[in-house]
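Written below as structure tokens is the structure these notes are about.
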Amino acid sequence: MRPFKYEKASSPQDAAKRVSGNKAAKFLAGGTNLVDLMKDNVEHPNELVDINGLKLTQIKSIGKKISIGALAKNKDTANHPLIRKNFPLLTQAILAGASAQIRNMATNGGNLNQRTRCVYFYDEAMPCNKREPGSGCGAMEGLNRMHAIFGWSDKCVAVFPSDMSVALAALGADVFVQDASGNKRKIHIDRYHRLPGDTPEKDNNLKHGELITSIEIPKNKFANHSYYLKVRDRASYAFALVSVGAGLEIDGGVIRGSRIAMGGVAHKPWRAMIAEKELIGKRPSKALFERAAGMEMERAKPLEHNKFKVELGKRAIVRALSNAVG
Ligand SMILES: Cc1cc2nc3c(=O)[nH]c(=O)nc-3n(C[C@H](O)[C@H](O)[C@H](O)COP(=O)(O)OP(=O)(O)OC[C@H]3O[C@@H](n4cnc5c(N)ncnc54)[C@H](O)[C@@H]3O)c2cc1C
Ligand code: SF4
């Protein structure tokens with residue numbers, strides 16, 4: 001472990017000021033990802049600004065939205081009555097991730113900003129453009145079974161591992177952030193995480209020193225017809241091979257609204273917009289779901305070892321939609 005300075009932030013603005021004033025400083029929330037990365041010598045901040053004392057833990061209803069604090073624990077978010085009632089999809093997604101112990105520590109802001117689980121990213125002996133820009137991509141020529149089938153570039157084929165973010169993409173959430181001058185802005189979840197392009201070292205569109213303060217989710221009519229399906233190598237404590245968050249608004253037996261997001265397939269939660277559109281105005285049926293899923297997955301560009309994800313993704317969309325209806 002390299003030496004680093006540790007300090008506690010007194011307010012969101014103080015936290016943002018401290019981090020933005022030092023390129024090598026980082027916010028410390030639950031530490032369940034950052035501290036592991038420091039131990040593995042992947043991240044080496046020289047200053048940690050502990051934000052755990054900030055009052056950003058509230059989960060509350062604000063008009064047509066529900067706001068969840070950046071520092072609310074994943075466990076408290078998943079189990080909150082407002083979330084269980086309005087967004088069971090989010091509860092399912094959070095509870096599908098990590099372990100009970102980790103969810104007790106992990107925060108919502110940290111979950112959005114967790115880093116990829118690509119094994120080459122963690123292995124200092126291997127090239128990795130995300131860890132060390134310009135060094136190459138170990139996964140491109142190596143084992144890429146867990147990697148992307150959508151939106152990858154020749155610089156990086158990693159996937160983003162957060163289950164919670166997939167549900168937030170399906171629910172159309174906004175992420176609220178604050179900078180050192182106290183300026184606030186909102187970033188829609190679809191624009192929050194990035195595709196790798198030529199700069200895979202950047203996972204998201206947050207500027208250095210900007211602090212996530214809350215996430216707002218618009219109330220919707222999906223609650224009775226939503227589902228989060230996570231397919232993984234073992235039943236718990238594993239990251240998704242493919243996951244699907246699906247929400248349907250069904251009225252008079254007809255699908256009036258649909259949102260589908262996928263995890264484990266791209267560098268960000270992947271909106272299955274082709275499938276979403278295909279469902280609108282039609283009666284739910286397995287044949288419809290298979291057609292929509294097939295149209296979506298036709299765009300996939302698998303790598304050498306993950307061709308199975310194309311059929312798996314198709315089946316996962318069909319299963320998630322069927323469960324959402326059922
Ligand atoms: C063994 C294991 C299994 C796991 N399995 C899963 C899984 O199946 N699915 C899943 O989704 N996740 C999984 N996780 C990841 C876990 O959900 C994350 O580690 C956790 O959500 C990160 O939250 P944290 O508060 O601990 O963040 P930290 O580790 O404290 O921070 C992570 C990053 O976010 C930044 N950050 C934190 N808060 C803010 C903020 N408010 N504003 C701006 N930046 C911020 C930090 O600077 C850091 O860069 C697993 C983790 C472990 C260790
Ligand atoms: S896929 Fe991305 S994270 Fe993995 S080795 Fe390549 S550049 Fe690094």
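The values are calculated or read from the model by the stated rules, or taken from the named source; none is laboratory data. All of these numbers come straight from a predicted model, not from anything done at the bench. Here the Cβ positions follow ideal geometry from the backbone for every residue, glycine too, while neighbour counts run over all protein chains shown.
What the table below lists for this structure:
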| read-out | value |
| --- | --- |
| Breaking point among (1) within 16 Å of ligand 1 (Cβ to nearest atom); (2) at pLDDT below 95, for VAL231 | (2) |
| Count - residues of region 87-114 that are touching a residue at least 60 places away in the same chain (Cβ under 8 Å) and of a type outside the set (A, V, I, L, M) | 11 |
| Residue that is farthest from ligand 1 (Cβ to nearest atom) [pool: residues in region 117-141 that are in a helix (DSSP H, G or I) and among the aliphatic types (A, V, I, L, M)] | MET140 |
| Residues located in region 142-153, provided they are assigned to a loop (DSSP other than H, G, I, E, B) and within 10 Å of ligand 2 (Cβ to nearest atom) | GLY142, ASN144, MET146, HIS147, ALA148, TRP152 |
| Residues of region 188-215 that turn out to be surrounded by fewer than 18 Cβ atoms within 10 Å (Cβ to Cβ) and either among the β-branched types (Val, Ile, Thr) or touching an Asp or Glu at 6+ places or on another chain (Cβ under 6 Å) (or both), as a count | 2 |
| Residue that is surrounded by the fewest Cβ atoms within 10 Å (Cβ to Cβ) [pool: residues in region 51-72 that are hydroxyl-bearing (Ser, Thr, Tyr) and not in a loop (DSSP other than H, G, I, E, B)] | SER61 |
| Residue count, region 10-50 (criterion: within 23 Å of the chain's Cα centre (by Cα), part of a loop (DSSP other than H, G, I, E, B) and within 16 Å of ligand 2 (Cβ to nearest atom)) | 4 |
| Within region 180-208, tally of residues that are at negative phi and touching a strand residue (DSSP E or B) at 6+ places or on another chain (Cβ under 8 Å) | 18 |
| ARG232 being away from ligand 2 (no atom under 16 Å from the Cβ), without any contact (Cβ under 8 Å) to a residue 24 or more places away in the chain and under 20 Å from the mean Cα position of the chain (by Cα) | yes |
| ALA139 within 16 Å of ligand 2 (Cβ to nearest atom), within 19 Å of HIS193 (Cβ to Cβ) and either without any contact (Cβ under 8 Å) to a residue 12 or more places away in the chain or crowded, with 24+ Cβ neighbours inside 10 Å (or both) | yes |
| Qualifying position, being surrounded by fewer than 24 Cβ atoms within 10 Å (Cβ to Cβ) and either without any contact (Cβ under 8 Å) to a residue 12 or more places away in the chain or out of contact with any Phe, Trp or Tyr (no Cβ under 7 Å at 6 or more places or on another chain) (or both), among ARG117, ARG84 | ARG84 |
| Selected residue [out of contact with any strand residue (DSSP E or B) (no Cβ under 8 Å at 6 or more places or on another chain) and in a helix (DSSP H, G or I)] from GLN101, GLN114 | GLN101 |
| Tally of residues being more than 10 Å from ligand 1 (Cβ to nearest atom) and either part of a loop (DSSP other than H, G, I, E, B) or farther than 27 Å from ASN86 by Cβ (or both) across region 162-207 | 18 |
